[in-house]
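Student: After the structure tokens below, expect a handful of questions from me.
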Amino acid sequence: MSRFLALLKATHFPQALTMVLLTTVAAVLCGQSGFSLLFVVIATASGQASIGWVNDLVDLETDKKLDRKHKPAVRYLLQPENLRTPISIALIVMVPFSFLAAGWIGGLANILAVASAQIYNLYLSRTIWSWLPYAISFALLTVFIAQSSSKWPSLEMICISACVGVIAHIFNALPDLEIDKQASLGGLVVYLGKTKSIIALAILTLALLLFLQLAFNLIG
């Protein structure tokens, strides 16, 4: 695997690509096109790349102990110094393009969304509060997308995004539950266990459907 492909994989590529595509589609639905849409894509992609790279850098020693060979850094395709420069470049790119894409308010919302995700990486990923950065970041992305077209998201849309963020976090953590428990790693899903995590998913899904219904009622 080349260094470029290793770096691409270390962004947590499927998740990062999904976020970029969802943000792009949402921006198009809000009326974005041309260079404005391109700025949204660049701001989102650079932010997501920095989040994935910081996550792999912070978790490097843990991933090695757990022999997570799907991680490029564990397979020695990337060294820590190979990640630090791309992280810096991604963050430097993300800041101005956030403002170009969505103005001062929307740009700040995107920057804070990325900052929240980095707080997850650095401090909260192994605590019971691991869900909180997901809720905050997804909610702020709604503001970023809406502001890219000089609009404001409804409270219902912000709540929908926050629910989606926490649901995504639980789904993402569930497959590693047993490994994380054996390694004495924390996180909301480890704290709750499998059964309670599934119950939490069901409750969040019901809340999501409720907010969707409220949003459709307002549109109608």
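Bear in mind these aren't lab numbers, they're just calculated from the coordinates by the rules spelled out. Owing to the predicted nature of the structure, the values given are computational and were not obtained by experimental measurement. In this analysis, Cβ positions are derived from the backbone assuming ideal geometry, glycine residues included, and neighbour counts consider all displayed protein chains.
Student: Near Ser50, within a Cβ-to-Cβ distance under 12 Å, what is the net charge of the other residues, with Lys and Arg +1 and Asp and Glu -1? Display every interim value, and only then the final one.
Tutor: Values: positive: Arg84; negative: Asp56.
Computed value for this residue: 0.
Student: Would you look at the GNM of the chain, springs on alpha carbons closer than 10 Å, and say which of Gln182, Gln15, Gln147 moves the most?
Tutor: Answer for the Gaussian network model of the chain: Gln182.
Student: While we're looking at this one, here's another question. Work out, step by step, the length gained on full extension between Phe13 and Leu218: first 0.36 nm times the residue separation, then minus their alpha carbon distance; give nm to one decimal.
Tutor: Full extension from Phe13 to Leu218 adds 70.2 nm.
Student: Please identify, among Leu122, Leu57, Leu155, the residue showing maximal mean-square fluctuation in a Gaussian network model of the chain using a 10 angstrom Cα cutoff.
Tutor: Leu155
Student: Taking the dipole about the Cα centre of the chain, with the C-beta of Lys and Arg at +1 and of Asp and Glu at -1, give me whichever of Ala26, Leu57, Thr127 is farthest to the positive side.
Tutor: Among Ala26, Leu57, Thr127, the one farthest towards the positive end of the dipole of the chain is Leu57.
Student: With N residues in the range 1-91, what two-decimal value do you get for its Cα radius of gyration over 2.2 N^0.38 Å?
Tutor: That works out to 1.21 for the range 1-91.
Student: Where is the GNM fluctuation largest for the chain (alpha-carbon springs, 10 angstrom cutoff): Ser149, Ser33, Ser130?
Tutor: Comparing Ser149, Ser33, Ser130 in the GNM, the peak value goes to Ser33.
Student: Next question. Restricting to lysine pairs 8 or more places apart or on different chains, what number in the chain have Cα atoms under 26 Å apart?
Tutor: 15
Student: Could you work out [θ]222 nm for the chain from helices alone, using -39500 (n - 2.57) per DSSP H run of at least four and dividing by all its residues? Round to the nearest 500 deg cm²/dmol.
Tutor: Only helices count here, giving -26500 deg cm²/dmol.
Student: Neighbour counts of other C-beta atoms within 10 Å: give me Lys71, Lys194 arranged from fewest to most.
Tutor: Values: Lys71 21, Lys194 13.
So the ranking, lowest neighbour count to highest, is Lys194, Lys71.
Student: Given 10 Å bins starting at zero, what is the percent of C-alpha pairs of the chain in each, up to the one with the largest pair distance?
Tutor: Result, from short to long distances: 8, 32, 35, 20, 5, 0 percent.
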